[in-house]
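The next block holds one structure in the form of C-alpha cells; read it before the comments.
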Amino acid sequence: MTRPIFRFAPSPNGRLHLGHAYSALVNQDLAEAVDGRMLLRIEDIDTARCLPEFERGLMEDLAWLGLAWEEPVRRQSDHFDDYRAALERLIAEDIIYPAFMSRSEMRAHVAESESAGMPWPRDPDGAPLYPDIDRNLPALQRKARMEAGEPFSWRLDMQAALAAVSGRALDWQELGSGPDGETGCIEADPARWGDIVLARKDTPASYALCVTVDDAIQGVTHVVRGRDLFHATSVQRLLQELIGLPAPVYTHHDLIVGPDGRKLSKSAGDTALAALRAAGMTPRDIRRMVGLG
C-alpha cells in the first residue's frame, strides 16, 4: 500500500515565525498519525527575494522544532524546466494569452471605472480582476506586440479554461474547513479569480502553477496548509484538470494570529522562531504557544 505523502513548503524570504511552526508541526503530526512520508520543499521561485541565508535559517528552525524530512529537498529554482513545460502545454492549447497591461496601467484603468461609479470586480483576496482588453486582442496584434519586444505576462483565459474542462467534476475533498466552515466535498469556483497570472517576465511561473506541478511531481497526497489558501485551491484544481495531474486531498487549518487579530507575516516583522529560541524558548514551549500541547 502506498504511504501518504505530506509536504511543508516555505519560502526563504525571511525567518520563520509561529504561523510557519504551527503549519509545519501539524503536517508532521498528521503524517506520523498515518505512517506517512514528510517532504520539505523550498519555494524559491522569486530568486530576487529568496536568499541562501534565509534557507539556512529556516532549516535550522525546523530542525530545532524536531521536524524530520526526506532528502533530497526540492527547490523550485532547480526546476524551471518543469514549469516551462506546463506553461508551453497551456499555450499550445490556446487557453492562456499574453497580457501587456502594466500594474500601473491596470490600477489606472480600475480607478477610472470606479470613479465613474462602476465598482470593479475583485478576487477572494480583494485584488481587482484583470480587464478583458488583452484577452480580446486580435491574434495578429498580439503577435506583432510580442515580436516588437513589448513586455507581457502570461494569463489564463478563465473562460476558455472552464470551457476546456466542462463536464468534469471540478471539486476537492476537504478534511479541514474553509473560512465559513466548509468541509467535505467542495465545489471549486476558479472563475472568482478571473484571468490569473501564470508567468511574468521576472518569474518563470506563478505560485499557482508551480505548486500544482510540484505536488504532482512529488506525489503529494495530502496538502495541509493555512485557511488563507482555501479559495486558491479552486485555481489549483482547475490547473490540475487542464494539465492532467492528480488531485490531492486538502486540509486547511486555522491561522496563528497576532494580538490585533491579523495573520502573522514576515514582512510585518512578527517575532521569528530564531528570536524565541534565543530568548530561551524550547520546542515544547512553541508547541504550547500554537495550541498543540
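Considering only region 11-61, state which residues are within 23 Å of Val220 (Cα to Cα), within 18 Å of the chain's Cα centre (by Cα) and without any contact (Cβ under 8 Å) to a residue 60 or more places away in the chain.
Of everything in region 11-61, those that are within 23 Å of Val220 (Cα to Cα), within 18 Å of the chain's Cα centre (by Cα) and without any contact (Cβ under 8 Å) to a residue 60 or more places away in the chain turn out to be Ser11, Pro12, Ala24, Leu40, Ile42, Asp44.
Rundown of residues vs (1) part of a helix (DSSP H, G or I); (2) in contact (Cβ under 8 Å) with a residue 24 or more places away in the chain; (3) farther than 19 Å from Asn136 by Cα; (4) not aromatic (Phe, Trp, Tyr), yes/no style:
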site	(1), (2), (3), (4)
Asp81	yes, no, yes, yes
Glu88	yes, no, yes, yes
Met101	no, yes, no, yes
Ser104	yes, no, yes, yes
Ser113	yes, no, no, yes
Met118	no, no, yes, yes
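Given the condition among the acidic types (Asp, Glu) and under 28 Å from Arg287 (Cβ atoms), answer yes or no: does some residue in region 80-87 qualify?
Step one: of region 80-87, the residues among the acidic types (Asp, Glu) are 81-82.
In the following step, the residues that additionally are under 28 Å from Arg287 (Cβ atoms) were identified as none.
No: region 80-87 contains no residue that is among the acidic types (Asp, Glu) and under 28 Å from Arg287 (Cβ atoms).
Of the residues Ser77, Ser23, which single one is surrounded by 17 or more Cβ atoms within 10 Å (Cβ to Cβ) and either in a helix (DSSP H, G or I) or at pLDDT below 95 (or both)? Even if it seems obvious, please write down each step before you answer.
Values: Ser77 fails: surrounded by 17 or more Cβ atoms within 10 Å (Cβ to Cβ).
Answer to the check: Ser23.
Matching residues to (1) without any contact (Cβ under 8 Å) to a residue 40 or more places away in the chain; (2) in the same structural domain as Phe100 (by TED's automatic domain parsing):
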site: Ala191; (1), (2): yes, yes
site: Leu198; (1), (2): no, yes
site: Cys210; (1), (2): no, yes
site: Arg237; (1), (2): no, no
site: Leu242; (1), (2): no, no
site: Gly261; (1), (2): yes, no
site: Met281; (1), (2): yes, no
site: Arg284; (1), (2): yes, no
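Could you grab me the full set of residues in region 238-250 that are out of contact with any helix residue (DSSP H, G or I) (no Cβ under 7 Å at 6 or more places or on another chain) and either under 24 Å from Asp29 (Cα atoms) or part of a helix (DSSP H, G or I) (or both)?
Kept after step one, since they are out of contact with any helix residue (DSSP H, G or I) (no Cβ under 7 Å at 6 or more places or on another chain), are these residues of region 238-250: 241, 244, 249.
Listed by number, the residues that qualify are Glu241, Val249.
Tally time: how many residues in region 185-207 are farther than 18 Å from Pro124 by Cβ, touching a Phe, Trp or Tyr at 6+ places or on another chain (Cβ under 6 Å) and in a loop (DSSP other than H, G, I, E, B)?
Adding up the residues that qualify gives 2.
Yes or no: Arg41 closer than 23 Å to Leu264 by Cα, basic (Lys, Arg) and surrounded by 13 or more Cβ atoms within 10 Å (Cβ to Cβ)? Even if it seems obvious, please write down each step before you answer.
On the way: closer than 23 Å to Leu264 by Cα: yes; basic (Lys, Arg): yes; surrounded by 13 or more Cβ atoms within 10 Å (Cβ to Cβ): yes.
So Arg41 passes the test.
The values are calculated or read from the model by the stated rules, or taken from the named source; none is laboratory data. As the structure is a computational prediction, the values presented were derived from the model and not from experiment. Virtual Cβ from ideal backbone geometry, glycine too; neighbours counted across all protein chains shown.
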